[in-house]
1. Probe radius 1.4 Å, ligands and nucleic acids ignored: give me the carbon and sulfur share of the accessible area of the chain as a rounded percent.
2. Using the Cα centre as the reference, give the magnitude of the dipole from point charges on the C-beta atoms of the stretch 193-245 (Lys, Arg: +1; Asp, Glu: -1; all else neutral), rounded to the nearest 20 debye.
3. Which peptide among 108-121, 140-153 comes first, and what is the full order, when sorted by highest mean count of other Cβ atoms within 10 Å?
4. DSSP beta bridges in the chain, what fraction antiparallel, as a percent rounded to 5?
5. May I ask you to evaluate 6.51 cos²θ - 1.76 cosθ + 1.60, the Karplus curve with θ = phi - 60°, for each residue of the stretch 179-187 and list the ³J(HN,Hα) values in order in whole Hz, giving x for glycine and proline?
6. So I have [x] 16.6, 51; [y] 17.5, 52; [z] 17.1, 57, and one of them is Rg and Dmax of the Cα atoms in Å calculated from this model. Which one is it?
7. How much area per residue is accessible in the chain when the probe is 1.4 Å and only protein heavy atoms are counted (Å²)?
8. Applying a 10 Å radius around every beta-carbon, put 192-200, 224-232, 87-95, 47-55 in order of their mean neighbour count, most first.
Amino acid sequence: MDDTLKPKYKRVILKLSGESFGKAGYSGIDLDEMLSIARQAKRVHDSGVELGVVVGGGNILRGAQFSAGSEVIKDSTADYMGMLATVMNGLALQDAMESLGCETRMMSAVPMDMVAEPYIRRRAERHLRKKLIVILAGGTGNPFVTTDTAAALRARELQADILLKATKVDGVYSANPDLNPHAVRYEKLTYDQVIRDNLRVMDIAAIEMARTAKLPILVFDFKREGNIERAIAGHTIGTIISEGK
């Protein structure tokens, strides 16, 4: 591996939104996008990093699309439907990674023994120590909790060195850069600033959990080839959220 890409972190949790698995503006799973993620994950894994991946399901279904104002489908039911969507993405990612020669384990917070192991913290830690890529699906197994919060929870439980939030933009901005040409990108933020300024990078529960654990969060554009490796190598990309500037 290029010396400039030597890992800075030993154990990492990577949060992938459901949109990561599809092309912009389309729903479902795109195999080229999936393989691009899998190739980057393989290179990270081959460098010796202990890697856990928390997957979202928004490319297939968002619970909010059914629950908002609906008298037919309850909010909790809609959220469980969203959790099942994350399992579909996890299965696809698992096969993509294994097609490249990675050894993986998929764990789900929603029990479904035919396709995934149940999430058990000690078992997940053992898999990571054995250098297996652990794919974490099903959110927390509870409704009304986002996959961002699930990612922060897993990162804290598994004592990760950093939480990487992969997005389609190159960091956190003062406003939506697609709508405001004067929006400023931050290189560094504190947890307090994110909460105070209501910067919509992750939900408040996830930020609070990271702050309690002093867990740094890096928000970055993973669509640029090699950015996952650069993030883990500690390169100055995206926006780092931590205890102090």
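The values are calculated or read from the model by the stated rules, or taken from the named source; none is laboratory data. Worth saying up front: this structure is predicted, and the values here are computed from it rather than measured. Neighbour counts run over all protein chains shown; Cβ positions are idealised from the backbone, glycine included. When the accessible area is computed, the model is the full protein with side chains, heavy atoms only, and any ligands, DNA or RNA have been set aside. Shrake-Rupley method; radii C 1.70, N 1.55, O 1.52, S 1.80 Å.
1. Roughly 50 percent, rounded to a whole number.
2. Dipole about the Cα centre, nearest 20: 100 debye.
3. Descending mean neighbour count gives 140-153, 108-121.
4. So the antiparallel bridges amount to about 15 percent of the total.
5. Running phi through 6.51 cos²θ - 1.76 cosθ + 1.60 with θ = phi - 60° gives 9, 10, x, 9, 4, 9, 8, 8, 8 Hz.
6. [z]
7. 49 Å²
8. Per-residue mean Cβ counts within 10 Å order the peptides as 47-55, 87-95, 224-232, 192-200.
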